[in-house]
Every structure is written in structure tokens, then in C-alpha cells.
1. Residues that are assigned by TED's automatic domain parsing to the domain that holds Thr91, within 32 Å of the chain's Cα centre (by Cα) and not aromatic (Phe, Trp, Tyr): does the stretch 47-54 have at least one?
2. If you check Gly247 against the conditions, is it in contact with a strand residue (DSSP E or B) (Cβ under 6 Å, 6 or more places away or on another chain) and in contact (Cβ under 8 Å) with a residue 40 or more places away in the chain?
3. When you scan the stretch 189-209, how many residues do you find that are in a loop (DSSP other than H, G, I, E, B) and crowded, with 16+ Cβ neighbours inside 10 Å?
4. Run Pro46 past the list (1) more than 18 Å from Ser12 (Cα to Cα); (2) without any contact (Cβ under 8 Å) to a residue 24 or more places away in the chain and report the number of the one that doesn't hold.
5. Of the conditions (1) surrounded by fewer than 14 Cβ atoms within 10 Å (Cβ to Cβ); (2) touching a helix residue (DSSP H, G or I) at 6+ places or on another chain (Cβ under 8 Å); (3) closer than 19 Å to Ile8 by Cβ, Phe78 fails just one. Which one is it?
6. With respect to the numbered conditions (1) at pLDDT below 90; (2) part of a helix (DSSP H, G or I), which one is the sole condition not fulfilled by Ser76?
7. Checking the structure you have, find out if any residue of the stretch 105-115 is without any contact (Cβ under 8 Å) to a residue 24 or more places away in the chain and either in contact with a Pro (Cβ under 6 Å, 6 or more places away or on another chain) or not aliphatic (A, V, I, L, M) (or both).
Amino acid sequence: MKQLTIFILSDSLGNTAEHVAGAAIAQFQSDSFTVKKFPYIKEDTPFDYIFNEILRAPEKIILHTIVKKELVQKISQFAGENSIRCVDLLTPVLDSIESVTGEAPLQETGMLRKLNDRYFKRVESVEFAVKYDDGKDPRGVLKADLVIIGVSRTSKTPLSMYLANKNIKVANIPLVPEAKVPQELFQIPSKKIVGLTNTPEKLNEIRTERLRALGLSTANTGENKYANMDRILEEIDFAESLMKKIGCPIINVSNKAIEETAEKIITYLKRNGMKVYNE
């Protein structure tokens, strides 16, 4: 088999075309292949150098993942004038999607890499939310984009996970009158903290159901004061007093879906200059 050089031209890293080339090469029982990659191609790229390199190879094909039409035309014209096989990996797909949806492609370079970066940041945010959930480690307060505080059963954990999927690193701290308030809460700007509260009646209802689900007695006797109304009022009073001292916004989550509360928080964060990714 003749020695074949596959030239990869890309406006980003070129990994997509490289994977395609690798998958194709694997179908041939030969090692007569050389892959040469020219990444980050832009309007001011020295095409004369690239084209001369391609012309020097005895047997060659071009694979490219270029999104800008002007650059695609330039490469296609060169290939046509020199009778070189040129495989455009993106344009047919982009044209098909545009014809079905009616939406024109952005023609922005490096979008896949940006998506990958955003994905890994989301994974990192989810792992952060798990690590610093429920006050496990108060040091997370200093590292978080957002800190959620509130009494038990105010949706702190599900909210933290929901916001983590928006690439926001969230730590949450439960507020209990007997527990020491982490001093880290007073070491960060109040705009990075959001307090959650609920109506006493709703908390009583939620906590009673929680006890039943765990197979525990709902009687408000002895040490079991979790769903006791007086205890709930004490916790709410303690939590809201602390929130006012900190100077953070307070959101009543009563009868609100997680998404609704999250949107309130996201709006608040944006208003304070934080960039938030919305799907």
C-alpha cells in the first residue's frame, strides 16, 4: 500500500478530525499512514506554508473541521485546483441541521472545547456540593460561589445540587440553635449567602412526614421535638435573626418548586455580577 499522508486542518485543536482519521485508519491492515495536524486555523493563518506542506506529500488527503465558510471555500478551492481529495467533516452536518431547523450555525470556533470545559466545571460543581453538603466541612464556605443557610427541611441540599448543574459551587449550612455558627459565614461577602426559611405549618407538615417515612414516632414528647411547633418556631426565629445579622436575602420556600427558588437565587447572583450558565 502506498504511503498516505492525512492532513488535518482545524480551527480548534483538531481532535475531532483526528479521531475520525484514527477510526478510518483502523479499518486498514497497514501502517502506511502519516497524520499531520494544523490546528487553530484562522483568517490570518499563513496558508501558503500549509498548502506547500500538503503539496510536498506524494499521496495525501485533507480532513478538516472548519466552520467559517470563507476558510472552507479557500481550502476546497486549493484542493480542487490540485486534484487533492478533501473531506469536509462539518459542513454537510451543519447544512443538514440548518435545513431542518431553519437556524443558521454560529460559525464560532472551539465550541466543542467550550462545551467540554463547561461539562467538567459542572462535574466539579456537583462534587463540591456533595463534599460541602449539610455543613460537613465549614471550610467550603470560603471556597463556594454561593452559601445556602437555613433550618432543616428547607430544601438546601436539592437546591445545592440543582444550582451545581448550573456550574455554581454551593455549600450549605444547617442552622440549629444549639450548634455553633461557622465563623466562615462572617468572613465572606453577604452577597454570596442566601437564607432559606419556611412557614411553621409547612415545616411541621414536612417534618412529621419525614418522621413517618423513617418509621419514627411523631409524638412530640421527650427528646423527639423535631416536628414540635414550639421547637420549629424557635429554630425559625434563630435562623432569621442570624440571616438579618449577616445581611443576606431571605427566601421563603413554602409551596415553591426547587426550580422557582433556584431562579430567584440565580437572578440575585446575576444582579451581583456573577455569570451563571442557563441551559
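1. In the first step, residues of the stretch 47-54 are kept if they are assigned by TED's automatic domain parsing to the domain that holds Thr91; the result is 47-54.
After this cut, where a residue has to be within 32 Å of the chain's Cα centre (by Cα) as well, the list is none.
Looking through the stretch 47-54, none of the residues is assigned by TED's automatic domain parsing to the domain that holds Thr91, within 32 Å of the chain's Cα centre (by Cα) and not aromatic (Phe, Trp, Tyr).
2. no
3. 1
4. With respect to (1) more than 18 Å from Ser12 (Cα to Cα); (2) without any contact (Cβ under 8 Å) to a residue 24 or more places away in the chain, Pro46 is out only on (1).
5. Phe78 satisfies all of (1) surrounded by fewer than 14 Cβ atoms within 10 Å (Cβ to Cβ); (2) touching a helix residue (DSSP H, G or I) at 6+ places or on another chain (Cβ under 8 Å); (3) closer than 19 Å to Ile8 by Cβ except (1).
6. (1)
7. Within the stretch 105-115 (the criterion being without any contact (Cβ under 8 Å) to a residue 24 or more places away in the chain and either in contact with a Pro (Cβ under 6 Å, 6 or more places away or on another chain) or not aliphatic (A, V, I, L, M) (or both)), the answer is yes, since at least one residue qualifies.
Matching residues to (1) under 21 Å from the mean Cα position of the chain (by Cα); (2) assigned by TED's automatic domain parsing to the domain that holds Lys191; (3) small (Gly, Ala, Ser):
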| residue | (1), (2), (3) |
| --- | --- |
| Leu233 | no, yes, no |
| Phe238 | no, yes, no |
| Ser241 | no, yes, yes |
| Cys248 | no, yes, no |
| Asn255 | no, yes, no |
| Lys264 | yes, yes, no |
| Thr267 | yes, yes, no |
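The values are calculated or read from the model by the stated rules, or taken from the named source; none is laboratory data. Computed from a predicted model, the values in this text were never measured in an experiment. Methodologically, a virtual Cβ is constructed for each residue, glycine included, from the backbone with ideal geometry; neighbour enumeration extends over all protein chains shown.
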